[in-house]
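Q: Have a look at this one before I ask anything.
The values are calculated or read from the model by the stated rules, or taken from the named source; none is laboratory data. All of these numbers come straight from a predicted model, not from anything done at the bench. We place every Cβ from the backbone using ideal geometry, glycine too, and count neighbours over all the protein chains shown.
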C-alpha cells in the first residue's frame, strides 16, 4: 500500500473516497461544520439539523458526490465530544469508517486529521486506525472476499512529520502480525511452526533469531517450561529474537520482551471446561505481541537494544503430562509445587524471565494471557499492569497512554507473595482463589529478581469476543503499540 502526507488542500486530492472527522458537529456553522457545508452544498448542516448525524463517537454519515471534492464519496466519522478527543478515539473512528467503505469498491482513500489533535498524533491515529481495521480474521475461509483492497492512502495535513507516518505504519503492521499469529488454530501453529515462522520473519527484517530446541532447554535445566510440555507430542521451543541498533546509546538500557506462547492450552490434567476451549489457540497472544513489537521496532530503528524471549509449548493431558502435586525445578534453581496444571503460563515465563536476565536484559516487560481473575477485575477494557520498580512501571504506564492503550496499575507486595507458600517446595504455582491475578504476578516477580520488571496480563484485552465497528472477532494485538512506544522513548 502507498502512504503519503498530502500538504495540499483536501479538495485537490484525487481518491475514490474521503474520510472526514467531525467533533461538536451539533453546531453546523462551526469552522469544521462550515468546511463540510462548503463541500456538500449545505447538506452537512441539514443532516445535523435533522439529528441524522451528531458526530457521536463511531457514528458515520455517507454523502455522495460532495461538491468541491475530487472524490465520489465523503464519509463523515464522528469522534464525539471535542474535549474528550484522544488518539484512541480517532483511531477507532478511522477504523469504523474504513470498515464501512471497504465493501464499496474503494481502492484509493484520502483522509483529514481532526481539529483539536496534534498533527503528528492525528496522522498516527488515522493511519493506525485504517490499517488495523483493514485486517480480517478469515484467512482460512475459501469463499470470495467481499471487500476492497486498499492501494493508497493520502492524509491531508500540514505540519506533520514523515516519522509520525512511519511509526504508525510500522506499529499497525506489527500489531496485525501479532493478530495473524494469535488467530491461527493450534493444529496449524505448533511451537515448532511458530519458531519456523518467526525465523523467516526475522530474516526478512534483518533480525537475529535463535531457536532453543528441547535438547538445549534440557541442558539449560528449564524444568518449569519442560514440565508444562510433557503431556504433548509437540516438542517445546524457546525463541530468542535480537534487535541491535547500528548506533547503540552508551550504557543504555537493554530491553527484554518476554511473551507467553502456549499455542494451545487444554489446562493439562487440570482440564478446562469444554465451553470456549477452542479460544485457547490465542493463549500465545503474549508471545505474538512480542514478535509484532520487535518487528515494528526493527523497522523504526531506535538506539536501544531489544531482545524478545518467547517460550512456546502446548499444554496437553496425557500419560506423560505433569500432575497436580508434582515439583519442578526452574532454571533459577527455585523449586515449584504445581498445584494446578492450568496455571502453566507462569511456569514457562519463570524460566524465560531468568534466561532474559542472563542474556543481559536490564529492563523486562512480559505479556501473557495469564489469568481469568484479571478479567473479573478489569473486564475487557484495561490490561492489568504489575511492576517491581516504580520508575520502570511509570515509564510503561506513560508509554501506554501515549500509544492509546488502556492499562491499569495493580498492587503487589509481601502479603500476596506469602499466599504462594508451599510446605514441600520453595513456592507454589497458585495461591487461594481471591486475588488470583495478583498472586500470579507475585509468582513472576520472584523470577524477575532485582531487574526492573513489568508484567502485562492481557487475558481480557487480547481478544475481541464479538464483532466491533472497527475490528472483527479475534485477536486484538494488545500490547504492541505500548511496547513500540516504550522502545522509542528509552532509545
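Q: Tell me yes or no: at least one residue of the stretch 118-125 is free of Cβ contacts under 8 Å to residues at least 12 places away in the same chain and either in contact with a helix residue (DSSP H, G or I) (Cβ under 8 Å, 6 or more places away or on another chain) or farther than 28 Å from residue 287 by Cβ (or both). If you could, list the steps in order and put the result at the bottom.
A: So the first thing to find is which residues in the stretch 118-125 are free of Cβ contacts under 8 Å to residues at least 12 places away in the same chain, and the list is 118.
Checking the rest, the ones that are also either in contact with a helix residue (DSSP H, G or I) (Cβ under 8 Å, 6 or more places away or on another chain) or farther than 28 Å from residue 287 by Cβ (or both) come to 118.
Yes: one or more hits.
Q: Separate question: So is residue 17 buried (at least 23 other Cβ atoms within 10 Å of the Cβ) and in contact with a helix residue (DSSP H, G or I) (Cβ under 7 Å, 6 or more places away or on another chain) or not? Spell out how you get there, then give the answer.
A: On the way: buried (at least 23 other Cβ atoms within 10 Å of the Cβ): yes; in contact with a helix residue (DSSP H, G or I) (Cβ under 7 Å, 6 or more places away or on another chain): yes.
Judged against the criteria, residue 17 is a match.
Q: Here's a follow-up. Looking at (1) in contact with a strand residue (DSSP E or B) (Cβ under 6 Å, 6 or more places away or on another chain); (2) free of Cβ contacts under 8 Å to residues at least 40 places away in the same chain; (3) in a helix (DSSP H, G or I), can you tell me which one residue 374 breaks?
A: The one condition residue 374 does not meet is (2).
Q: Here's a follow-up. Looking at (1) in contact with a strand residue (DSSP E or B) (Cβ under 6 Å, 6 or more places away or on another chain); (2) part of a helix (DSSP H, G or I); (3) without any contact (Cβ under 8 Å) to a residue 60 or more places away in the chain, which is the only condition residue 412 fails?
A: For residue 412, the failing item is (2).
Q: Taking the stretch 430-446 on its own, how many of its residues are under 26 Å from the mean Cα position of the chain (by Cα) and assigned to a loop (DSSP other than H, G, I, E, B)?
A: Residues of the stretch 430-446 that are under 26 Å from the mean Cα position of the chain (by Cα), as a first pass: 435-446.
When the remaining residues are screened for being assigned to a loop (DSSP other than H, G, I, E, B), the result is 435.
Residues meeting the conditions: 1.
Q: In the stretch 165-177, is there at least one residue being modelled with pLDDT of 90 or more and more than 24 Å from residue 204 (Cβ to Cβ)?
A: No, the stretch 165-177 contains no residue that is modelled with pLDDT of 90 or more and more than 24 Å from residue 204 (Cβ to Cβ).
Q: What is the one condition in (1) within 26 Å of residue 382 (Cβ to Cβ); (2) touching a helix residue (DSSP H, G or I) at 6+ places or on another chain (Cβ under 9 Å); (3) modelled with pLDDT under 90 that residue 82 does not satisfy?
A: Every listed condition holds for residue 82 apart from (2).
Q: I would also like to ask the following. Scanning for something more than 14 Å from the chain's Cα centre (by Cα), over 18 Å from residue 128 (Cα atoms) and buried (at least 24 other Cβ atoms within 10 Å of the Cβ), does the stretch 419-429 turn up at least one residue?
A: Pass one, the stretch 419-429, residues more than 14 Å from the chain's Cα centre (by Cα): 419-429.
When the remaining residues are screened for being over 18 Å from residue 128 (Cα atoms), the result is 419-429.
When the remaining residues are screened for being buried (at least 24 other Cβ atoms within 10 Å of the Cβ), the result is 429.
Yes, there is a match, as at least one residue in the stretch 419-429 is more than 14 Å from the chain's Cα centre (by Cα), over 18 Å from residue 128 (Cα atoms) and buried (at least 24 other Cβ atoms within 10 Å of the Cβ).
Q: Do we have any residue at all in the stretch 317-328 that's buried (at least 22 other Cβ atoms within 10 Å of the Cβ), in contact with a strand residue (DSSP E or B) (Cβ under 7 Å, 6 or more places away or on another chain) and closer than 30 Å to residue 201 by Cβ?
A: no
Q: A further question follows. Consider residue 69 carefully, then state whether it is crowded, with 19+ Cβ neighbours inside 10 Å, assigned to a loop (DSSP other than H, G, I, E, B) and without any contact (Cβ under 8 Å) to a residue 40 or more places away in the chain.
A: Numbers: crowded, with 19+ Cβ neighbours inside 10 Å: yes; assigned to a loop (DSSP other than H, G, I, E, B): yes; without any contact (Cβ under 8 Å) to a residue 40 or more places away in the chain: no.
No: the conditions fail for residue 69.
Q: Quick check on the stretch 116-127. Is at least one of its residues within 16 Å of residue 2 (Cα to Cα) and more than 25 Å from the chain's Cα centre (by Cα)?
A: Going through the stretch 116-127, the residues within 16 Å of residue 2 (Cα to Cα) turn out to be 123-124, 126-127.
Checking the rest, the ones that are also more than 25 Å from the chain's Cα centre (by Cα) come to none.
No, the conditions are met nowhere in the stretch 116-127.
Q: Another question about this same structure. Which of the numbered conditions does residue 101 fail, given that it passes all the others? Conditions: (1) in the same structural domain as residue 24 (by TED's automatic domain parsing); (2) surrounded by 23 or more Cβ atoms within 10 Å (Cβ to Cβ); (3) within 23 Å of the chain's Cα centre (by Cα).
A: (3)
Q: Checking the conditions here, which among 359, 347 is in the same structural domain as residue 427 (by TED's automatic domain parsing), at pLDDT 95 or above and buried (at least 21 other Cβ atoms within 10 Å of the Cβ)? Reasoning before the result, please.
A: On the way: 359 fails: buried (at least 21 other Cβ atoms within 10 Å of the Cβ).
Just a single option satisfies the conditions, and that option is 347.
Q: Does residue 306 satisfy the condition of being assigned by TED's automatic domain parsing to the domain that holds residue 198, more than 19 Å from residue 189 (Cβ to Cβ), buried (at least 20 other Cβ atoms within 10 Å of the Cβ) and in contact with a helix residue (DSSP H, G or I) (Cβ under 9 Å, 6 or more places away or on another chain)? Break it down into steps so the answer makes sense when it comes.
A: Details: assigned by TED's automatic domain parsing to the domain that holds residue 198: yes; more than 19 Å from residue 189 (Cβ to Cβ): yes; buried (at least 20 other Cβ atoms within 10 Å of the Cβ): yes; in contact with a helix residue (DSSP H, G or I) (Cβ under 9 Å, 6 or more places away or on another chain): yes.
In short, yes.
Q: Out of all the residues in the stretch 447-480, which are surrounded by 24 or more Cβ atoms within 10 Å (Cβ to Cβ) and part of a strand (DSSP E or B)?
A: 453, 454, 455, 456, 457, 475
Q: With touching a strand residue (DSSP E or B) at 6+ places or on another chain (Cβ under 6 Å) and either more than 13 Å from residue 368 (Cα to Cα) or surrounded by 17 or more Cβ atoms within 10 Å (Cβ to Cβ) (or both) as the only criterion, which of 255, 271, 300 stands out?
A: Going through 255, 271, 300 in turn, just one is touching a strand residue (DSSP E or B) at 6+ places or on another chain (Cβ under 6 Å) and either more than 13 Å from residue 368 (Cα to Cα) or surrounded by 17 or more Cβ atoms within 10 Å (Cβ to Cβ) (or both): 255.
Q: Right, here's the next one. Given the condition in a loop (DSSP other than H, G, I, E, B), outside the structural domain of residue 112 (by TED's automatic domain parsing) and buried (at least 21 other Cβ atoms within 10 Å of the Cβ), answer yes or no: does some residue in the stretch 165-183 qualify? Working first, answer last.
A: Here is the first cut: in the stretch 165-183, the residues in a loop (DSSP other than H, G, I, E, B) are none.
Checking the stretch 165-183: not a single residue is in a loop (DSSP other than H, G, I, E, B), outside the structural domain of residue 112 (by TED's automatic domain parsing) and buried (at least 21 other Cβ atoms within 10 Å of the Cβ).
Q: Quickly run through the stretch 309-338 and pick out the residues that are assigned to a strand (DSSP E or B) and under 20 Å from residue 186 (Cα atoms).
A: Applying the first criterion (assigned to a strand (DSSP E or B)) to the stretch 309-338 yields 309-315, 326-329, 335-338.
Selection gives 310, 311, 312, 313, 314, 315.
Q: Evaluate the stretch 290-297: report whether one residue or more is surrounded by fewer than 22 Cβ atoms within 10 Å (Cβ to Cβ) and either modelled with pLDDT of 95 or more or under 30 Å from residue 372 (Cβ atoms) (or both). Give the derivation first.
A: Within the stretch 290-297, the subset surrounded by fewer than 22 Cβ atoms within 10 Å (Cβ to Cβ) is none.
Scanning the stretch 290-297 turns up no residue that is surrounded by fewer than 22 Cβ atoms within 10 Å (Cβ to Cβ) and either modelled with pLDDT of 95 or more or under 30 Å from residue 372 (Cβ atoms) (or both).
Q: Take the residues of the stretch 207-216 that are touching a residue at least 24 places away in the same chain (Cβ under 8 Å) and out of contact with any helix residue (DSSP H, G or I) (no Cβ under 6 Å at 6 or more places or on another chain): which is farthest from residue 318 (Cα to Cα)?
A: Our first condition is that a residue be touching a residue at least 24 places away in the same chain (Cβ under 8 Å); within the stretch 207-216, this holds for 207-213.
Then drop every residue that is not out of contact with any helix residue (DSSP H, G or I) (no Cβ under 6 Å at 6 or more places or on another chain), which leaves 208, 210, 212-213.
Numbers: 208: 35, 210: 29, 212: 24, 213: 21 Å.
Looking at residues that are touching a residue at least 24 places away in the same chain (Cβ under 8 Å) and out of contact with any helix residue (DSSP H, G or I) (no Cβ under 6 Å at 6 or more places or on another chain), I get 208.
Q: Of the conditions (1) in contact (Cβ under 8 Å) with a residue 40 or more places away in the chain; (2) touching a helix residue (DSSP H, G or I) at 6+ places or on another chain (Cβ under 7 Å); (3) over 22 Å from residue 166 (Cα atoms); (4) in a helix (DSSP H, G or I), residue 100 clears all except one; give me its number.
A: If we test residue 100 against (1) in contact (Cβ under 8 Å) with a residue 40 or more places away in the chain; (2) touching a helix residue (DSSP H, G or I) at 6+ places or on another chain (Cβ under 7 Å); (3) over 22 Å from residue 166 (Cα atoms); (4) in a helix (DSSP H, G or I), just (2) comes out false.
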